[in-house]
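The values are calculated or read from the model by the stated rules, or taken from the named source; none is laboratory data. Since the structure is predicted, the reported quantities are computational estimates derived from the model, not experimental observations. Glycine gets a Cβ as well: all are built from the backbone with ideal geometry, and neighbour counts include every protein chain shown.
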Amino acid sequence: MSLSLSHGGRRTLSTLAALVCVGVVAASPARSTAQGVASLSDRDLESARSNYVSICGRCHGVEGGGGEGPPLAVPVLHRAPDETSLLQIISQGIPGTAMYGTRWLLPDELTQLAAYVRSLAPRSGSTVETADASRGRSLYERGRCAACHTVGGFGTARGPDLTSVGLRRGAAYLREAVLEPEAALPRGLTAMPLGFADYLMVRVVDESGAEVRGTRMNEDTYTIQIKDARGVIHSFYKPSLREIEKQFDRSLMRSYRDRFTDEEVEDLVTYLMSLTGPSRRPVS
Amino acid sequence: MSGSAMPARTAPRVAATAGLPTAVAAAGGALSLSLVSSSWAAAQVPYGRLVAARAEPESWLTYSGSYFSERYSALAEIDRSNVARLRVEWAYQTTPGVVESTPIVADGIMYLTEPPSNVVALDARTGRRIWRWNANVPDSALNIGGARSNRGVAILDGSVYVGTIDARLVALDAESGTVRWSTVVADNSLGYWMSGAPLAIDGKIIAGISGAEAGIRGFLDAYDAATGARLWRTYTVPAPGEPGSETWGGDSWQHGGGSTWLTGSYDPDLGLIYWGTGNPGPDWNGDVRPGDNLYTCALVAFDAETGEIRWHFQFTPHDTHDWDATEIPVLLDLEWEGRVRELVVMANRNAFYYVLDRVTGEFLHGREYSKQTWAQGLDERGRPIVLPDTEPTLEGNLVWPSLQGATNWMSPSYSPLTGMLYVPVRHMGAVYYKGSAEYVPGRPYLGGGEQAITGDDAWGYVKALDVRTGDLGWERRLLTPPWSGVMATAGGLVFGSSNEGNLFALDAETGASLWDMQAGAPARSNPIAFELDGRQRVVMSAGNVVFVLGLP
């Protein structure tokens, strides 16, 4: 089992502590009596945070926001959807990546650390109880979101795919993305090296003087790949470019602040939070 | 061995291997008859070949290319005019993991380590494996503070030497990969571990240790190359009563760190081994260890016979940012203020470049070579003038460079043609956190944490520094802070690679890029060069693939 999303209510220290407890029980069902809730003291919580900061924070961010390693403050970890896989990754690492194992951790510390990682996930779904996902879905259509986004394979892939955005992002993040998209470009979605801004707007001038604008899909020391407004990928050898301008304070997406009311924004966010993965045809 | 192509060097080599199977000498003859098939014997690398490694550029006999650690190749077939035609000759895929190994190439065989501590011998012409030794590192082996990888072997006579994650030093028969001896260097359950390439000198194998993040007490060891018996051990953290012990408060010396996890350099004439030491333990909380914490974050000159410390120079007294001084010390004989002086230079993790007299350890010159915000500069004795409010704090404190430093384990390179030291540079800051630190055997002993600034706010360089002054000659920007070293060649080139998988060759004079190739995975190793069939090859790795490159 995994810690499911807790809808409603912001994260507080007490809920954090409670979640840590739940995590420990969930992570070691066979020892649930030996490692019960009562034994998880403030000291355990402090120890878990201390281990997190000194071991994990360097790459994953002290608050789990990511850096050289992927963000952990997400509702569902792609490589570790359940507790077994999370414990496995923390203790053994991921071969072929910079993620090394923490073989020295004691079993209790391991489960506490896993629970702490889970606790970094955003907790809130919608903030207003009257918000409605079905109204949000209509707004998604009215706002022509599909002109730039895909859900379940339908739409246009200029911006991030939203099929499972409800697993990836919390409501606060989505609200900001709708109202102030240029405030924080997403990370960890495209092929860009971890930590880099995705969908960064770039303007280049090539050898012939031709200008190309689009969003950065990937980049290395020598090349950059840009997707233009028509969806065409342009690949450039950077040493031969005349100009390359990265527009960090812009986003391809326009703000919906003046197009939707506050209530409508909450409806849209609620709809987005309900997107938790592709639908699957059951076995017949 | 490159046979007829290098007649001048062939004669002394055969003499040096007298008494060994004649196939060694015969191999050269066979090669001159046919370039498409030849027979090799396992490498025989007596000490004399190691001392004269620079006169044998067709081989790569020791971690940094020679005892002086220039990581410079005198091969010049691949040069500025033709490097654009460089192509992959062969590739070898190791067991899963990331290759950080510097290969040794001798007599047609390439000796390479695979993650975590395994050794393979490859046909240097084709990459086909001759043997593999599996270190069988137990899954429970501790490597607190680093990745489960290995940086390479040492070779001496007919043996290949490797240090393992679980802190064994192992001698393998170069011909078969079978174990000749295996010595436990230290107790892995206390956090002692090994990943660096040992250094082979006359009859001795010098081996360092990792584990400051677990609160070890660091040391440098020498072992009898023939038997594995330990000849000397010198601790990098003095015990009470020993010189330097006054720089440790209370019992803090017992877990004082001072790892020796990267390969040092050697001056055979002076009989001195130059080896950098790592951070004091715990890393980020210095409260428990008041004082300068000798000999951590220092360059130490060890007497090769006795292990006695002849001099030391501490770059970062009382370090609280994990700025190990394990970087490669490059030995140079250069004119300095009117006379030729024996020097050692180091681009340090703390963002300063240093020139020292390697006979005495005297500080001659130093300057900043990368962004730093922790020191006003160096005083006349080379001690940093530390700025206030640069310590880790509970709330976090932004300081440059990051924990990973302005540079790190990846090797620099010195070209005598340009007088430049080429340095892979990490332009990156970090927020340092301070936490509590309690020593528990075999557990992290860190006292805090760090969050590096990443993404578009951090990047890398290859920088060319004037080796005398540290002044910037040129710099070539890299998209991300690199984890791979560089190698200059007599062809006027500097080879390097990027964290995004670009392999490249730069003009050593200007930094202009003359060749590049996307290798498909992050590069995390140091380039080398060798010559086979009269043709120069360059070796670089990315991900778990080793690429051997040459001209068509």
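Might you let me know whether segment B:354-377 holds any residue that is surrounded by fewer than 23 Cβ atoms within 10 Å (Cβ to Cβ) and within 14 Å of chain A (Cβ to nearest Cβ)? Checking segment B:354-377: not a single residue is surrounded by fewer than 23 Cβ atoms within 10 Å (Cβ to Cβ) and within 14 Å of chain A (Cβ to nearest Cβ).
The numbered conditions (1) more than 10 Å from every other protein chain (Cβ to nearest Cβ); (2) buried (at least 24 other Cβ atoms within 10 Å of the Cβ); (3) in contact with a Leu (Cβ under 9 Å, 6 or more places away or on another chain) are all true for residue B:426 except (3). Between B:450, B:475, the distinction of being within 14 Å of another protein chain (Cβ to nearest Cβ), surrounded by 24 or more Cβ atoms within 10 Å (Cβ to Cβ), touching a residue at least 24 places away in the same chain (Cβ under 8 Å) and among the charged types (D, E, K, R) belongs to B:450 only.
Among residues belonging to segment B:142-170 that are under 30 Å from residue A:55 (Cα atoms), small (Gly, Ala, Ser) and at pLDDT 95 or above, point out the one that is surrounded by the fewest Cβ atoms within 10 Å (Cβ to Cβ). For segment B:142-170, the residue satisfying everything is B:167. Just one residue in the set B:77, B:114 is charged (D, E, K, R), touching a Lys or Arg at 6+ places or on another chain (Cβ under 7 Å) and touching a residue at least 12 places away in the same chain (Cβ under 8 Å); that residue is B:77.
Going by the conditions given, is residue B:527 buried (at least 19 other Cβ atoms within 10 Å of the Cβ) and either in contact (Cβ under 8 Å) with a residue 40 or more places away in the chain or at the interface with chain A (Cβ under 8 Å from one of its Cβ atoms) (or both)? For residue B:527, the condition - buried (at least 19 other Cβ atoms within 10 Å of the Cβ) and either in contact (Cβ under 8 Å) with a residue 40 or more places away in the chain or at the interface with chain A (Cβ under 8 Å from one of its Cβ atoms) (or both) - is met. In segment B:312-339, which residue that is surrounded by 17 or more Cβ atoms within 10 Å (Cβ to Cβ) and in a strand (DSSP E or B) is nearest to the chain's Cα centre (by Cα)? My answer is B:330. In the set (1) in a loop (DSSP other than H, G, I, E, B); (2) closer than 30 Å to residue B:531 by Cα, residue B:439 fails one condition alone, (2). Within segment B:484-504, if we keep just the residues that are outside any strand (DSSP E or B) and more than 9 Å from chain A (Cβ to nearest Cβ), the residue that is nearest to the chain's Cα centre (by Cα) turns out to be B:485. Checked against (1) part of a loop (DSSP other than H, G, I, E, B); (2) under 30 Å from residue A:92 (Cβ atoms), residue B:57 passes all but condition (2). Residue A:88 meets each of the listed conditions (1) more than 9 Å from chain B (Cβ to nearest Cβ); (2) more than 14 Å from the chain's Cα centre (by Cα); (3) buried (at least 20 other Cβ atoms within 10 Å of the Cβ) apart from (3). Can you tell which of B:267, B:283 is among the charged types (D, E, K, R), assigned by TED's automatic domain parsing to the domain that holds residue B:442 and in contact with a helix residue (DSSP H, G or I) (Cβ under 7 Å, 6 or more places away or on another chain)? The unique qualifying residue is B:283. Of everything listed in (1) part of a loop (DSSP other than H, G, I, E, B); (2) within 20 Å of residue B:261 (Cβ to Cβ), the single unmet condition for residue B:418 is (2). Being among the hydroxyl-bearing types (Ser, Thr, Tyr) and in the same structural domain as residue A:143 (by TED's automatic domain parsing) is a description that applies to residue A:261.
Please go through segment B:260-293 and pick out each residue that is crowded, with 24+ Cβ neighbours inside 10 Å, more than 15 Å from residue B:312 (Cα to Cα) and small (Gly, Ala, Ser). Result: B:281, single match.
Among the residues of segment A:152-197, those that are surrounded by fewer than 16 Cβ atoms within 10 Å (Cβ to Cβ), under 19 Å from residue A:227 (Cβ atoms) and within 14 Å of another protein chain (Cβ to nearest Cβ) comprise A:189, A:191. Of everything listed in (1) over 20 Å from residue B:142 (Cβ atoms); (2) touching a Phe, Trp or Tyr at 6+ places or on another chain (Cβ under 9 Å), the single unmet condition for residue B:257 is (1). With respect to the conditions (1) touching a Pro at 6+ places or on another chain (Cβ under 7 Å); (2) within 14 Å of chain A (Cβ to nearest Cβ); (3) crowded, with 24+ Cβ neighbours inside 10 Å, residue B:256 lacks only one, and its number is (2).
Does any residue of segment A:128-140 turn out to be in contact with a strand residue (DSSP E or B) (Cβ under 7 Å, 6 or more places away or on another chain) and at pLDDT below 90? Among the residues of segment A:128-140, not one is in contact with a strand residue (DSSP E or B) (Cβ under 7 Å, 6 or more places away or on another chain) and at pLDDT below 90, which makes the answer no. Among the residues of segment B:68-110, how many are over 14 Å from residue B:487 (Cβ atoms), of a type in the set (Ser, Thr, Tyr) and part of a loop (DSSP other than H, G, I, E, B)? Count: 4.
Considering only residues in segment B:131-166 that are outside any loop (DSSP other than H, G, I, E, B) and either more than 15 Å from residue B:198 (Cα to Cα) or outside the structural domain of residue B:283 (by TED's automatic domain parsing) (or both), the one that is farthest from the chain's Cα centre (by Cα) turns out to be B:131. Is there a residue in segment A:64-77 that is of a type outside the set (A, V, I, L, M, F, W, C), modelled with pLDDT of 85 or more and either buried (at least 16 other Cβ atoms within 10 Å of the Cβ) or outside the structural domain of residue A:268 (by TED's automatic domain parsing) (or both)? Yes, because at least one residue in segment A:64-77 is of a type outside the set (A, V, I, L, M, F, W, C), modelled with pLDDT of 85 or more and either buried (at least 16 other Cβ atoms within 10 Å of the Cβ) or outside the structural domain of residue A:268 (by TED's automatic domain parsing) (or both). The single condition among (1) farther than 18 Å from residue B:354 by Cβ; (2) under 17 Å from the mean Cα position of the chain (by Cα) that residue B:301 does not satisfy is (1). Of everything listed in (1) out of contact with any Lys or Arg (no Cβ under 8 Å at 6 or more places or on another chain); (2) closer than 16 Å to residue A:149 by Cβ; (3) of a type outside the set (A, V, I, L, M); (4) not assigned by TED's automatic domain parsing to the domain that holds residue A:172, the single unmet condition for residue A:215 is (1).
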